[in-house]
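Everything below concerns the one structure shown next.
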Amino acid sequence: MATDSTGGVLTPFIHKECQKLKTYQAMGGYEAARKTLAMTPEQIIEEVIKSNLRGLGGAGFSTGRKWSFIPKNSPKPIYLVINADESEPGTFKDRYVITKAAHALIEGIIIAAKAINAHTSYIYIRGEYVEPARILQQSIDEAYKAGVLGKKVLGSDYSLDLYVHRGAGAYICGEETALLESLEGKRGWPRMKPPFPAIEGLFRCPTIVNNVETIAYVPSILGKGGEWFAKLGTERNGGYRFYSVSGHVNKPDVYELPHGTPLREIIYNYAGGIRNGKKLKAVIPGGSSSPVLRPEEIDVKMDVDSLAAIGSMLGSAGVIVMDEDTDLLDVLLVTSRFYHHESCGQCSPCREGTGWMEKLLHRMKRGEGRMEDVNNLYDIASGIMGNTICPLGDAAAMPVFGFVKKFREEFESYAKYGKPHQGEYTSWLAGRK
Amino acid sequence: MSLELSKESKKKIEQALGRYPQKQAALLPILHIVQEELGYVPEDAEADIAAIVEIPVVKVREVLLFYSLYLRKPVGRYHLQLCRTISCTLRGHRDILKYVEEKLGIKDGETTADGRFTISTVECLASCETAPMMQLNEKYHDNLTPEKIDEILANLNGKK
């Protein structure tokens, strides 16, 4: 975990190890929640809207506005669910919050619960995170013992119960409605929207689902003010965010940096550049589903709008860096195999299409590809895109579009000679004019 | 009842049921508890689990088949789960897999004859910054090299 010269917002808590209550309290922890418990839900929501905090799990929706969708005076109980299913390949940031700043997360949960009037909250954590779940549970136990959680939260008359719920190995459960199905004890099949969870979510009650990192920022916002947080970021995205950087860099790690930090800076200044002095060949900027970028595109600012403007997306801000020796057909094969494995099987285009793409890429990799396979790959992806209940279908299709568009030579070379392309990749540049 | 569990597991199941307004919601936690004690979820336990959460057996089976962490057959005492997704592949997953396979004399998906080791390849474990990595039972092992694999296996061979 590292950050820029300002020290970041959450990084200090992570460095000091705020999974321990005493440490967190010594750093001013739970003061914001104490203050918030005396505020009205409207005041809390207003402050969070002012902060420009947007969901950091991938979708980027305004957190404050999301909270405001909870019906007033609901006769049914309201639930707050924290998405700790962290499964998008290339993303590993939430683990740092859970294991090293669990109390910032718990404090954020208290504030968010108060804002939507929830008295029960579940943290849905991916099943493989056995140790992180254990650490989180210890922090929660500590909080209960100290009166931070339970019948009288921090001495107020507000009650809140918080439970850890372990998943069991299914990428799809990171999608919020699949997560809710899974939490109800069913297989994780996404639901049709509407109704949105804010109206009908967990146990058919109004529910807010927020990502771990998003909620961990909430105490700082209420502590120092929405305007302070907004000013740290760009016009549309308040504050900092975590960039997970992996692949062929010298220092793979999580970096907490302002929204809109140029990708080049992240790769070369923070992550120490490409390992073994190699040249850059390609970068996946926002988790495995975001369309790949070429070296000449890395001056892009890492924020939602800038990446959308060049046809990619920020997603979960999981940056995967590939050096000049990388076999890109192989990378797409591994990616497509992942989506095929993780497709829940509910919608035919995704269930069948992801399998066809994987099969076709295996064939090309074996050297048995045909020239028409390149276009077939693109056609299959087009058949999935936009034709499924949840975004997993799109997530499987987008990397195909990216790789085939920007590195077409690689796929044609495999079709012709059964091996990666040598030399420059110019067809995309020509076609861009 | 063909599902015989320790007192401790039974207590954990009671606690799990208390966390939700609907019994079915405790299904995933209960399956974890059963697997923790027995090492897998035997087929003849499905009906008992279904009775606890008051749903049809087929709904339990459906969940067991859907989630990759639930095992319907026993695996080796030490389950090596090597991540095979993008960042791990970029940083040498295949070499590590080959090394482990040769070292243990089994292939991906197999268990050694003495029942001690199973090798699986799994999808992204969200530890890309420490690629190539694997999960050995509950624990993550980072930045794997052949030397590190030797060390890990030597340590395990010292244990029963």
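Odds and ends about this structure:
- Projected area averaged over orientations for region A:341-416, convex hull of C-alpha atoms, nm²: 4.5
- Global size of region A:64-142: 13.8, 41 Å for Rg and Dmax (C-alpha atoms, Rg to one decimal, Dmax whole).
- The overall shape of region B:84-143 is prolate: from the C-alpha gyration tensor, with semi-axes ordered a ≥ b ≥ c, the ratio a/c is 1.5 or greater and a/b exceeds b/c.
- Order of A:Leu307, A:Leu429, B:Leu5 under a 10 Å beta carbon neighbour criterion, fewest first: A:Leu429, B:Leu5, A:Leu307
- Here the contact order of chain B, divided by its residue count and restricted to Cα pairs under 8 Å and six or more residues apart, works out to 18 percent.
- The lysines whose alpha-carbon is closer than 17 Å to the alpha-carbon of A:Lys152, local same-chain residues fewer than 8 away aside, are A:Lys35, A:Lys114.
- Among the DSSP helices (H) of chain A, none spans at least 27 angstrom by Cα along its long axis with an average Kyte-Doolittle hydropathy of 0.5 or more; this is a geometric and hydropathy rule only.
- Cα-based shape type of region A:205-356, given that a ≥ b ≥ c are square roots of the gyration tensor eigenvalues and the cut on a/c is 1.5: oblate
- Debye log10 I(q)/I(0) for region B:1-134, one point scatterer per Cα, at q = 0.20, 0.23 Å⁻¹: -1.08, -1.23
- Rounded to the nearest 10 degrees, the angle from helix B:146-158 to the longest Cα principal axis of chain B is 50 degrees.
- Both radii were evaluated on the Cα set of region A:40-83; the Rg over Rh quotient, with Rh as the Kirkwood radius, amounts to 0.99.
- Total charge dipole magnitude, the protein assembly as shown, about the Cα centre, Cβ charges on Lys, Arg, Asp, Glu only, Debye to nearest 20: 660
- Loop GluC sites (Glu not before Pro), region B:1-104 (other Cβ atoms within 10 Å of the site Cβ: 16 or fewer; DSSP): B:Glu4, B:Glu54
- Summed residue charge, Cβ within 10 Å of B:Ser68's Cβ, Lys/Arg positive, Asp/Glu negative: -3
- Among the trypsin sites (Lys or Arg not before Pro) within region A:302-389, those in coil by DSSP and having at most 11 neighbouring Cβ atoms inside 10 Å are A:Arg366.
- Taking the fewest neighbouring Cβ atoms within 10 Å as the starting point, the ordered list for A:Leu360, B:Leu38, A:Leu183, B:Leu65 is B:Leu65, B:Leu38, A:Leu360, A:Leu183.
- Working note: Karplus 6.51/-1.76/1.60 with θ = phi - 60° gives region A:57-72 the couplings x, x, 7, x, 8, 4, 5, x, 5, 4, 4, 6, 6, 5, x, 6 Hz, where Gly and Pro are set to x.
- Counting only lysines at least 8 places from A:Lys405 when in the same chain, those with an alpha carbon closer than 26 Å to its own are A:Lys278, A:Lys279, A:Lys281, A:Lys301, A:Lys359, A:Lys365, A:Lys416, A:Lys419, A:Lys433.
- Cα gyration tensor shape for region A:3-60, rounded if a/c is under 1.5, else prolate or oblate: oblate
- Distance from the Cα centroid of region A:320-376 to that of region B:80-106 is 20 Å (rounded to whole angstrom).
- Cα centroid separation, region B:1-72 to region A:165-190 (Å): 16
- Environment charge of B:Val58, counting only residues whose C-beta is closer than 13 Å and scoring Lys/Arg +1, Asp/Glu -1: +1
- Average projection area in nm² (convex hull over Cα atoms of region A:39-180, one quarter of hull surface): 8.6
- Across q = 0.06, 0.09 Å⁻¹, chain A modelled as identical point scatterers on its alpha-carbon atoms has Debye log10 I(q)/I(0) values of -0.25, -0.57, in the order of the q list.
Read the figures in this text as sums done on the coordinates, not as results from a lab. Note that the structure is a prediction, hence the values are computed from the model and not measured. Positions of Cβ are backbone-derived with ideal geometry, glycine not excepted, and every protein chain shown enters the neighbour counts.
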